[in-house]
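Let me begin by presenting the structure, written as structure tokens, before commenting on it.
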Amino acid sequence: MCVSGPIATRITNDKTMMTPLRLLYFGHRWLGLAICLLLAMWCLSGVVMMYVGFPQLTRDEYYAGLEPLAAERINIGPQQLLAMAGANIEQLLLTGSAGRPVYLLKAQGAPWQGMYADSGANIEQLPASAAVAAAVHFYQTQHPAAAVTGQYLQQLHIDQWSVSDGLHPYRPLHRVSIADGMGTELYVSALTGQVVRDTRRSERIWNWLGANLHWIYPVQLRQHRSLWENVIIGLALVGLVAVITGAIIGVMRLRLKRRYPDGSCSPYRGMTRYHHILGLLVLVFLLTFLFSGLMSVGPWDVFAANSSFAEQQRRYRQQHGLLRSAPAYSQPEAIRQLLRQGAHFPVKQIVWHWIGGESHVSLHGSKQDVQQRLAPGATASLQQKIHDHIGKLIPGSSILARQQLHSYDLYYYSHHNRYRPLPALRVKFADPEATWFHIDPATGAILNRLTDRGRLQRWLYKGLHTFDFNVLLSHRPAWDLLLISLCSVIFAFSVTAVVIAAQYLRRKKRALTRVSAALNK
């Protein structure tokens, strides 16, 4: 709440006033000048982000761009790629790129590696022509009626629309423009030949009014993650101090019983009075909005776990025993047979999973078919494997509870196209961090981990900032109306701060002009 006008001037200029009080008014005025425009921008951009998120390739879009795997084109097994990667394998899958089957492998701490399953050739640096072919094939598979061409734009490591940390293992990227009239651009990994991100002209425009503003996300800043985090932390702290000092002043100047001579509870007039009253009305939401924004970046590692999630997953999979025996369906003939007889829907991707050193595969297709199923023979023993090896996630710690989730709850839910399969198995450990794991019972894969600090972050960030509560998300537009109403009120308050700041700066400019004119006489 910016304080200006004759009352604030008298208080600030009164040499007999206590220094802390003078500093309070002085600090709030200038911090308010610094943050009022940002606060208004955060409100407007936040509403945009409710409906247009930062560009991403969703799971459904990804599978829609894949053709079913052709059994007759599988000539090579994955052993050659496995031998190159060593023991600590995170993911292995068979998918497609430009109509060709390709094995993709991700080792712990390393980028993705790719190898064509029809020829055994490694994908080390995909050429530009192949990237265009992959992008066009992907788009036309998504839109069978479309006949489009692609134009190669550039190879890049990072740009405005590919700053996400999740894309690091796929870099460098090829950027390809699709002539579809919507300004579509696809990003193809030079390491795997896969489309990993898509953007459209309208999406990019809205993001300049949404995520890029809200997150202070220009690529020149965001590519330096630690610097970007410090900027967010600094701005949030300035905002919090401005609001807290304004709250102190606002309460001090408020009179609900012994009113001011004009009958008002506020001593101010005009826009400053609106600022005073509105500021007190939205004080709680202002504080939680700025505080939760600060918590979004996990400042000073306050939410960092003491244990390594990657190491816990490795123990569960027992990757050190991985290469002592061939993984399931490692021979090309076995894979061909699986594709011909193993599923009753078009299989677009095969994923290998390891539990206790033993492997099995799951088959994946488009949403309109069957999303996934296990290969024949794997279902019967999978639940027992999970039961036998889940304790290896945290050795020496007992399991407090196992819970089968058939619907979303406060800690496991889907929002903004985030993939969260159901049912899911929740396992709670009695370790010092009170760790929870969510496991996909259909594949045995670890979906995520929540320590006590992670659950705290869920409330201090998501709970306070975006109101991600199932009772609201499952009854939209209740969630929309609540957030838009709150943003609108805070925006109105921000406008009063901007107007007061402009008026104050205009008065300062006039005063400086008069002083300058007097000195020049």
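The values are calculated or read from the model by the stated rules, or taken from the named source; none is laboratory data. The shown structure was predicted, so the numbers you read here are calculated from the model rather than taken from an experiment. Cβ: placed from backbone, ideal geometry, glycine included. Neighbour counts: every protein chain shown. The accessibility values were calculated without ligands, DNA or RNA, using every heavy atom of the protein model including side chains. Shrake-Rupley method; radii C 1.70, N 1.55, O 1.52, S 1.80 Å.
Check whether at least one residue in region 498-507 is closer than 26 Å to Cys36 by Cβ, charged (D, E, K, R) and surrounded by fewer than 16 Cβ atoms within 10 Å (Cβ to Cβ), and report yes or no. Show your work before the answer.
Of region 498-507, the ones closer than 26 Å to Cys36 by Cβ are 498-507.
Then drop every residue that is not charged (D, E, K, R), which leaves 506-507.
Now restrict to residues that are surrounded by fewer than 16 Cβ atoms within 10 Å (Cβ to Cβ): 506-507.
Yes: one or more hits.
Suppose we filter region 409-433 for residues that are touching a strand residue (DSSP E or B) at 6+ places or on another chain (Cβ under 9 Å), modelled with pLDDT of 95 or more and exposed (fewer than 15 other Cβ atoms within 10 Å of the Cβ); how many remain?
Residues that pass the stated criteria total 1.
State all residues of region 139-159 that are more than 19 Å from Ser202 (Cβ to Cβ) and open to solvent by less than 20 Å² (accessible area, probe 1.4 Å); if no residue qualifies, say none.
Leu156
Is it the case that region 199-212 has a residue that's assigned to a loop (DSSP other than H, G, I, E, B) and modelled with pLDDT of 95 or more?
Here is the first cut: in region 199-212, the residues assigned to a loop (DSSP other than H, G, I, E, B) are 200, 210.
Restricting the remaining residues to those that are modelled with pLDDT of 95 or more gives 200, 210.
For region 199-212, residues assigned to a loop (DSSP other than H, G, I, E, B) and modelled with pLDDT of 95 or more: present.
Report, ordered by the first and then the second residue, all pairs with beta carbons closer than 6 Å, sequence separation of six or more or different chains, a first member in region 258-275 that is closer than 17 Å to Ala492 by Cα, and a second member that is in a loop (DSSP other than H, G, I, E, B) and among the aliphatic types (A, V, I, L, M).
His275/Met1
So if I check each of Tyr316, Tyr260, which one is at pLDDT below 95 and buried (at least 16 other Cβ atoms within 10 Å of the Cβ)?
Values: Tyr260 fails: buried (at least 16 other Cβ atoms within 10 Å of the Cβ).
Being at pLDDT below 95 and buried (at least 16 other Cβ atoms within 10 Å of the Cβ) holds for just one of Tyr316, Tyr260, which is Tyr316.
For region 383-432, how many residues meet the condition of being free of Cβ contacts under 8 Å to residues at least 40 places away in the same chain, in contact with a helix residue (DSSP H, G or I) (Cβ under 8 Å, 6 or more places away or on another chain) and aliphatic (A, V, I, L, M)?
Residues flagged as free of Cβ contacts under 8 Å to residues at least 40 places away in the same chain, in contact with a helix residue (DSSP H, G or I) (Cβ under 8 Å, 6 or more places away or on another chain) and aliphatic (A, V, I, L, M) within region 383-432 amount to 3.
Of all helices (runs of 4 or more DSSP H) completely enclosed by region 227-322, which ones contain at least 2 residues that are under 21 Å from Val499 (Cα atoms)? Break it down into steps so the answer makes sense when it comes.
Working: elements: 271-281, 283-295, 309-317.
Fully inside region 227-322 and qualifying: 271-281, 283-295.
What's the number of the only condition in (1) at pLDDT 95 or above; (2) buried (at least 19 other Cβ atoms within 10 Å of the Cβ) that Gly444 fails to meet?
(1)
Among the candidates Arg449, Arg458, which residue alone is within 20 Å of Phe289 (Cα to Cα) and of a type outside the set (Val, Ile, Thr)?
On the way: Arg449 fails: within 20 Å of Phe289 (Cα to Cα).
Among Arg449, Arg458, only Arg458 is within 20 Å of Phe289 (Cα to Cα) and of a type outside the set (Val, Ile, Thr).
Among the residues of region 116-135, what is the count of those that are in contact (Cβ under 8 Å) with a residue 60 or more places away in the chain and over 16 Å from Pro172 (Cβ atoms)?
Count: 1.
Of a type in the set (Lys, Arg) and open to solvent by less than 20 Å² (accessible area, probe 1.4 Å) - does that describe any residue in region 212-226? Show your work before the answer.
So the first thing to find is which residues in region 212-226 are of a type in the set (Lys, Arg), and the list is 222, 225.
Imposing the further condition that a residue be open to solvent by less than 20 Å² (accessible area, probe 1.4 Å) reduces the set to 222.
Yes: region 212-226 contains one or more residues that are of a type in the set (Lys, Arg) and open to solvent by less than 20 Å² (accessible area, probe 1.4 Å).
Test Glu61 against the criterion of being more than 27 Å from Ile355 (Cα to Cα) and under 21 Å from the mean Cα position of the chain (by Cα), and give yes or no.
Numbers: more than 27 Å from Ile355 (Cα to Cα): yes; under 21 Å from the mean Cα position of the chain (by Cα): yes.
So Glu61 fits the description; yes.
Could you go through region 477-497 and let me know if any residue there is in contact with a Leu (Cβ under 9 Å, 6 or more places away or on another chain), among the aromatic types (Phe, Trp, Tyr), more than 30 Å from Val351 (Cβ to Cβ) and open to solvent by 60 Å² or more (accessible area, probe 1.4 Å).
yes
Scanning for something open to solvent by 60 Å² or more (accessible area, probe 1.4 Å) and under 21 Å from Gly239 (Cβ atoms), does region 453-463 turn up at least one residue?
Applying the first criterion (open to solvent by 60 Å² or more (accessible area, probe 1.4 Å)) to region 453-463 yields 453, 456, 459.
This time we only want the ones that are under 21 Å from Gly239 (Cβ atoms), so: 459.
Within region 453-463, one or more residues are open to solvent by 60 Å² or more (accessible area, probe 1.4 Å) and under 21 Å from Gly239 (Cβ atoms).
Go through (1) in a helix (DSSP H, G or I); (2) out of contact with any Phe, Trp or Tyr (no Cβ under 7 Å at 6 or more places or on another chain); (3) farther than 22 Å from Asp198 by Cα for Tyr62 and report which single condition fails.
Going through (1) in a helix (DSSP H, G or I); (2) out of contact with any Phe, Trp or Tyr (no Cβ under 7 Å at 6 or more places or on another chain); (3) farther than 22 Å from Asp198 by Cα one by one, Tyr62 breaks only (3).
Restricting to region 73-127, name every residue that is open to solvent by less than 40 Å² (accessible area, probe 1.4 Å) and farther than 19 Å from Pro327 by Cβ. First the steps, then the outcome.
We begin by selecting, within region 73-127, every residue open to solvent by less than 40 Å² (accessible area, probe 1.4 Å); these are 74, 77-78, 81-82, 85-87, 89, 92-97, 99, 101-107, 110, 112, 114-118, 120, 123, 126.
Listed by number, the residues that qualify are Gly96, Ser97, Gly99, Asp118, Ile123, Leu126.
Among the residues of region 73-110, which ones are assigned to a helix (DSSP H, G or I) and modelled with pLDDT under 95? Step through it out loud before you land on a result.
Here is the first cut: in region 73-110, the residues assigned to a helix (DSSP H, G or I) are 73, 79-85.
Within region 73-110, Gln79, Gln80, Leu81, Leu82, Ala83, Met84, Ala85 meet the criteria.
Could you look through region 62-72, keep only residues that are touching a helix residue (DSSP H, G or I) at 6+ places or on another chain (Cβ under 6 Å) and open to solvent by less than 50 Å² (accessible area, probe 1.4 Å), and pick out the one that is nearest to Ala334 (Cα to Cα)? Give the steps one after another, and end with the answer.
From region 62-72, those touching a helix residue (DSSP H, G or I) at 6+ places or on another chain (Cβ under 6 Å) are 64-65, 67, 69, 71; that's our starting set.
Next, from what is left, pick out any that are open to solvent by less than 50 Å² (accessible area, probe 1.4 Å): 64-65, 69, 71.
On the way: Ala64: 26, Gly65: 25, Leu69: 14, Ala71: 10 Å.
Only one residue fits best here, namely Ala71.
State which residue is surrounded by the most Cβ atoms within 10 Å (Cβ to Cβ) when the search covers only region 160-181 and only residues that are in a loop (DSSP other than H, G, I, E, B) and in contact with a helix residue (DSSP H, G or I) (Cβ under 6 Å, 6 or more places away or on another chain).
Our first condition is that a residue be in a loop (DSSP other than H, G, I, E, B); within region 160-181, this holds for 160-164, 171-172, 179-181.
Applying the additional criterion that residues be in contact with a helix residue (DSSP H, G or I) (Cβ under 6 Å, 6 or more places away or on another chain) yields 160, 163.
Details: Gln160: 17, Val163: 19.
Only one residue fits best here, namely Val163.
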